[in-house]
Amino acid sequence: MATEPTSKRVKLIGSKGLIKESEVIRIITEALYSLGYGESGIRLEKESGIPLHSTIVKLFLEQVNNGEWDKSIVTLKGIQLQNEKAVTFLLLEQKFFEFLKLEKDTDALGILRKEMLPLGVNNKRVHELASVLISASGKDAECVNPGSKVVEKLQNLFPPAILIPEKRLEYLLEMDLDSQMSCCEFHNIPDSDLSLYSHHHCGIHNIPSETLETLEKHTDEVWFLKFSHNGKYLASSSKDKSAIIWEIDAQGKFSEKHKLLGHVNPVAMVLWSPDDKQVLTCGEDEVIKRWVVDSGECVQTYETDGVGSVSCGWFHDGSGIIGGMADRRICLWNLDGTEIEHEQVQREQKLSDVAMTADGKWLVSVGRVCEISLFNRETRAVRLIPEEDMITSFSLSKDNKHLLINLITQKIHMWNIEGEPYLCSEYTGHKRSRFIIRSCFGGYKDSFIASGSEDSQVYIWKILRPQKEPCSVLRGHSGAVNCVSWNPTDLHMLASASDDGTIRIWGRDKKLEVIQC
């Protein structure tokens, strides 16, 4: 077990006796230092007898800040961390980059083989570093970050009982405000922080709860919809072979700006460019079209060898187009329609969704029936996310750190894809048997998940709730709800697309102050 800094007394405070006095004092001390009140921080440590960090942790941090990697690894053993190997791996990685920067390639290789690989922590990362060594790109791309940069990474690996993260008081205060704005559960607080609290309380939050408006301009099933990044527009696509761009006024009312006509088949998807000035539409087993939002004009059509598309996506910077094709290929085009060479292994099924991460590094697609493929466009390496059953759709979080995967088994899985992918959570309650049902992140800091359902309802889950079941169910549609989209700027606004031919705009019921979720 990790050891806490020594103090002259251990005391619980607060009306319910749930809060450790030592942790509160250490958080306040760190806040004083970070705000520039160093003398006050020193005085609080002295007066309370509770140091911000123990002697051995202070020594460790000094060694890290000085780039003394071997010494810091020795000191680390005396701190007694449960995840000591993970911290050691990070320190050795910095040592590796330092040798690489100094062009000591042999020594760098020795660290990989003799020190990092035997830890058995992240062998895939070791192989990636070996590739960096071979290409010598580490000298200018990923050189060592001594001092505060490394300490920032360490803060994610140390429990606050040992190392108080930077600006922890500000963070906890923001989380308290978050609890009033969205749901009272402490948002994104690591498990180790919960030593300060015995349980979560449920309080006021502002998730959508009632229909504010119903849009009825489509003449058949509405399959897909998406808010623009600036939250001023909504785009929808339908089985009626059209897409519609809706404009939202200052009062939150919707009006049709353009109806996009030209596809000969139902329109499966409609997606916004990064700057919100254009949209892509994807005809079902047909062509991909690019439209200008201001004029509603189609400016380019994308197809290859007469093969239809089943999904589409934008390059991260809007400079190109991605197409998931009916023959199981992924095609890339420049905006002018010239095809970009792209090699990716053949898939077992027609691709359903394709996407590119915001940094342009990873191309995400459904690989095999039960597998997500993350293709590195720089190294051509592939990371695979194996699932338990057939994947029907997926959705990336705005920060590209998480992936929602909808399964044929009526489950939604959330994966962390930052580094080596791992399964975070599972959500159930919605219905799916025949159709593609889509889910999304949304709400304050993307702390909620919403999904359509074949039972005509919209389901909402709080990401951090320990239960898998939804915290809210929205009723009103009379047909299957195929897709949902949360407005990124109006966090109370959610849109849903249904087989009943309508789009419902959901918002907060101002009559209700408290919703038990």
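The values are calculated or read from the model by the stated rules, or taken from the named source; none is laboratory data. This structure is a prediction, so every number in the text was calculated from the model and none was measured. Note: ideal-geometry Cβ built from the backbone for every residue, glycine included; neighbour counts use all protein chains shown.
Does segment 397-409 contain any residue that is more than 12 Å from the chain's Cα centre (by Cα), in a strand (DSSP E or B), surrounded by fewer than 18 Cβ atoms within 10 Å (Cβ to Cβ) and of a type in the set (A, V, I, L, M, F, W, C)?
No, segment 397-409 contains no residue that is more than 12 Å from the chain's Cα centre (by Cα), in a strand (DSSP E or B), surrounded by fewer than 18 Cβ atoms within 10 Å (Cβ to Cβ) and of a type in the set (A, V, I, L, M, F, W, C).
If I go through segment 411-430 residue by residue, how many of them are under 25 Å from residue 373 (Cβ atoms), among the small types (Gly, Ala, Ser) and touching a strand residue (DSSP E or B) at 6+ places or on another chain (Cβ under 8 Å)?
Residues flagged as under 25 Å from residue 373 (Cβ atoms), among the small types (Gly, Ala, Ser) and touching a strand residue (DSSP E or B) at 6+ places or on another chain (Cβ under 8 Å) within segment 411-430 amount to 1.
Hey, can you tell me all the residues within segment 38-52 that are within 18 Å of residue 165 (Cβ to Cβ) and either surrounded by fewer than 18 Cβ atoms within 10 Å (Cβ to Cβ) or of a type outside the set (A, V, I, L, M, F, W, C) (or both)?
Result: 41, 45, 51.
Select, from 46, 77, 71, the only residue that is at negative phi, without any contact (Cβ under 8 Å) to a residue 24 or more places away in the chain and out of contact with any helix residue (DSSP H, G or I) (no Cβ under 9 Å at 6 or more places or on another chain). Please lay out each step first, then the result.
On the way: 77 fails: out of contact with any helix residue (DSSP H, G or I) (no Cβ under 9 Å at 6 or more places or on another chain); 71 fails: out of contact with any helix residue (DSSP H, G or I) (no Cβ under 9 Å at 6 or more places or on another chain).
Exactly one residue qualifies, and that residue is 46.
Name the residues in segment 363-380 that are surrounded by 14 or more Cβ atoms within 10 Å (Cβ to Cβ) and more than 23 Å from residue 321 (Cβ to Cβ), would you?
368, 370, 371
Say we look at segment 381-396 and pick out the residues that are under 22 Å from residue 128 (Cβ atoms) and among the hydrophobic types (A, V, I, L, M, F, W, C); which of these is surrounded by the fewest Cβ atoms within 10 Å (Cβ to Cβ)?
Step one: list which residues in segment 381-396 are under 22 Å from residue 128 (Cβ atoms), which gives 381-386, 396.
If we keep only those that are among the hydrophobic types (A, V, I, L, M, F, W, C) too, we end up with 381-382, 384-385, 396.
Values: 381: 14, 382: 14, 384: 12, 385: 22, 396: 21.
Residue satisfying both the conditions and the ranking: 384.
Suppose the filter is at pLDDT below 55, surrounded by 15 or more Cβ atoms within 10 Å (Cβ to Cβ), on the phi < 0 side of the Ramachandran plot and not in a helix (DSSP H, G or I); does residue 186 pass it?
Numbers: at pLDDT below 55: yes; surrounded by 15 or more Cβ atoms within 10 Å (Cβ to Cβ): yes; on the phi < 0 side of the Ramachandran plot: yes; not in a helix (DSSP H, G or I): yes.
Taking the combined requirement at face value, the residue satisfies it.
Of the residues that sit in segment 383-396 and are in a strand (DSSP E or B) and touching a residue at least 24 places away in the same chain (Cβ under 8 Å), which one is nearest to the chain's Cα centre (by Cα)? Let's see the steps before the verdict.
Filtering segment 383-396 for residues in a strand (DSSP E or B) gives 383-386, 391-396.
Now narrow it down to the ones that are touching a residue at least 24 places away in the same chain (Cβ under 8 Å): 383, 385, 391-396.
Working: 383: 17, 385: 15, 391: 19, 392: 19, 393: 16, 394: 12, 395: 9, 396: 6 Å.
Checked segment 383-396; the qualifying residue nearest to the chain's Cα centre (by Cα) is 396.
Please find, within segment 111-144, the residue that is modelled with the lowest pLDDT out of those that are farther than 20 Å from residue 378 by Cα and touching a Gly at 6+ places or on another chain (Cβ under 9 Å).
Taking the candidates together, the pick is 144.
So in segment 431-453, with the set limited to residues that are farther than 23 Å from residue 235 by Cβ and out of contact with any strand residue (DSSP E or B) (no Cβ under 6 Å at 6 or more places or on another chain), which one is modelled with the lowest pLDDT? Don't jump to the end; show me each part of the working.
Let us first name the residues in segment 431-453 that are farther than 23 Å from residue 235 by Cβ, namely 431-434, 444-445, 447.
From the residues that got through so far, the ones that are out of contact with any strand residue (DSSP E or B) (no Cβ under 6 Å at 6 or more places or on another chain) too are 432-434, 444-445, 447.
Details: 432: 75, 433: 69, 434: 72, 444: 80, 445: 81, 447: 86.
If we take residues in segment 431-453 being farther than 23 Å from residue 235 by Cβ and out of contact with any strand residue (DSSP E or B) (no Cβ under 6 Å at 6 or more places or on another chain), then 433 is modelled with the lowest pLDDT.
From the residues in segment 410-432 that are in contact (Cβ under 8 Å) with a residue 24 or more places away in the chain and on the phi > 0 side of the Ramachandran plot, which one is surrounded by the most Cβ atoms within 10 Å (Cβ to Cβ)? I'd like the intermediate steps shown before the answer.
Initially, segment 410-432 is screened for residues in contact (Cβ under 8 Å) with a residue 24 or more places away in the chain, giving 412-415, 417, 419-421, 425-432.
From the residues that got through so far, the ones that are on the phi > 0 side of the Ramachandran plot too are 419, 429.
On the way: 419: 11, 429: 20.
Once the filter is applied, the top-ranked residue is 429.
More than 16 Å from the chain's Cα centre (by Cα) and either touching a residue at least 40 places away in the same chain (Cβ under 8 Å) or under 23 Å from residue 477 (Cα atoms) (or both): which single residue out of 452, 442 fits that description? Before the answer, list the steps.
On the way: 442 fails: more than 16 Å from the chain's Cα centre (by Cα).
Sole residue among the options that is more than 16 Å from the chain's Cα centre (by Cα) and either touching a residue at least 40 places away in the same chain (Cβ under 8 Å) or under 23 Å from residue 477 (Cα atoms) (or both): 452.
For residues in segment 214-231 being among the charged types (D, E, K, R) and either surrounded by fewer than 17 Cβ atoms within 10 Å (Cβ to Cβ) or free of Cβ contacts under 8 Å to residues at least 60 places away in the same chain (or both), which is farthest from residue 295 (Cα to Cα)? Break it down into steps so the answer makes sense when it comes.
Step one: filter segment 214-231 for residues among the charged types (D, E, K, R), giving 216-217, 220-221, 226.
Okay, now just the ones that are also either surrounded by fewer than 17 Cβ atoms within 10 Å (Cβ to Cβ) or free of Cβ contacts under 8 Å to residues at least 60 places away in the same chain (or both), so 216-217, 220.
On the way: 216: 22, 217: 19, 220: 24 Å.
Among them, the one singled out is 220.
Exposed (fewer than 15 other Cβ atoms within 10 Å of the Cβ) and in contact (Cβ under 8 Å) with a residue 24 or more places away in the chain, is that true of residue 83?
Details: exposed (fewer than 15 other Cβ atoms within 10 Å of the Cβ): yes; in contact (Cβ under 8 Å) with a residue 24 or more places away in the chain: yes.
Yes, satisfied.
Would you check if there is a residue in segment 269-278 being among the basic types (Lys, Arg) and part of a strand (DSSP E or B)? Please lay out each step first, then the result.
Going residue by residue through segment 269-278, those that are among the basic types (Lys, Arg) are 277.
Now narrow it down to the ones that are part of a strand (DSSP E or B): none.
Checked against the condition, which is being among the basic types (Lys, Arg) and part of a strand (DSSP E or B), segment 269-278 yields no hits at all.
Which residue is nearest to residue 299 (Cα to Cα), if the candidates are limited to segment 330-352 and must be within 26 Å of the chain's Cα centre (by Cα) and at pLDDT 85 or above?
Looking at residues that are within 26 Å of the chain's Cα centre (by Cα) and at pLDDT 85 or above, I get 332.
Among (1) of a type in the set (A, V, I, L, M, F, W, C); (2) within 17 Å of the chain's Cα centre (by Cα); (3) closer than 20 Å to residue 372 by Cα; (4) not in a strand (DSSP E or B), which single condition is residue 436 missing?
Answer for residue 436: the failing condition is (2).
Could you list, in sequence order, the residues of segment 361-418 that are of a type in the set (S, T, N, Q) and farther than 19 Å from residue 313 by Cα? Explain how you work it out, then say what you get.
Filtering segment 361-418 for residues of a type in the set (S, T, N, Q) gives 365, 373, 376, 379, 392-393, 395, 397, 400, 406, 409-410, 416.
Correct list: 379, 409, 410, 416.
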